[in-house]
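The values are calculated or read from the model by the stated rules, or taken from the named source; none is laboratory data. Predicted model only: the values in this text are computed from it and were never measured. No Cβ is skipped: glycine too gets one built from the backbone with ideal geometry, and neighbour counts run over all protein chains shown. Accessible surface areas use protein heavy atoms only, side chains included; no ligands, DNA or RNA. Shrake-Rupley method; radii C 1.70, N 1.55, O 1.52, S 1.80 Å.
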Amino acid sequence: MMNRAVCMGICLVGSVMMVSAQKVVCVGDSNTQRGYPAMLEKQLGEGWETLNCGKGGATLLSGTRTPYFGTHQYQALLKSEPDVVVIMLGTNDANPLWWKGKRATQFVGSSAEELISQYQKLIGEVRSLATKPKVYVVTPPPVFPDRAKGEKVTMRAARKELLETEVLPLIRKVAREEEVILIDVHGRMLGQEQLSSDGVHFTKKGYELLTSIIKEGLLQR
């Protein structure tokens, strides 16, 4: 049962009490864009609404095919007047093509330094919004190389290694230092290979599990 005092805003219009839904804006890559926000709204129930601001291929790093700061979804986030913002980025940053490759970026420093800087920038911009939303950082789900096919198996394996050894520790560091709530989707979905469709994306049951973990994090904090 949801606590309305926590989850809903209440105002009076004339003599009529109006209840406004809490708006949750979901920031991320294709695992967000593919539809978990709609599942989240359904799972949360009355008093909540979600806005999907995910973009396939999105990265925090610049100089990639789809830097999140250059997307229409980023602009929609800034205009969304959110009560809650859920950020789940990092899967594509762990792509060796971007993490280890040469990127056309003006940032001076390593990929690790840029990831930290860009994540801090994103959190800072969200916090500066007029609605002062609560920010949640979500660890990216696991990568399952064995669920890929052909040449993608090797690439997925390299991404898995970079995600676990480089990107995840940095995301946890940012969440800790920025004092935002961390929801550990990665840890909770380890061992769920059967729910992955291609190594980085998920079946309907996989997205339902991912959504339930995020829902639990939102309601418990």
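Starting from residues that are in contact (Cβ under 8 Å) with a residue 40 or more places away in the chain and charged (D, E, K, R), keep the ones in the range 77-99 and report whichever is surrounded by the most Cβ atoms within 10 Å (Cβ to Cβ). The extreme case among them is Asp93.
The criterion of at least 2 residues that are under 17 Å from the mean Cα position of the chain (by Cα) is met by the following helices (runs of 4 or more DSSP H) wholly inside the range 71-137: 72-79, 111-127. State yes or no: is Arg127 open to solvent by 50 Å² or more (accessible area, probe 1.4 Å) and basic (Lys, Arg)? Yes.
Within the range 143-173, restricting attention to residues that are touching a strand residue (DSSP E or B) at 6+ places or on another chain (Cβ under 7 Å) and not in a loop (DSSP other than H, G, I, E, B), the residue that is nearest to Asn92 (Cα to Cα) is Ile171. Scanning the range 186-215 for residues that are more than 20 Å from Pro145 (Cβ to Cβ) and among the aliphatic types (A, V, I, L, M) gives Ile213, Ile214.
Examine the range 90-109 for a residue that is β-branched (Val, Ile, Thr), farther than 23 Å from Val180 by Cβ and at pLDDT 95 or above, and state whether such a residue exists. The answer is no, given that none of the residues of the range 90-109 is β-branched (Val, Ile, Thr), farther than 23 Å from Val180 by Cβ and at pLDDT 95 or above. Hey, among the residues in the range 32-70 that are part of a loop (DSSP other than H, G, I, E, B) and of a type in the set (D, E, K, R), which one's surrounded by the fewest Cβ atoms within 10 Å (Cβ to Cβ)? Per the stated criteria, the residue is Glu46.
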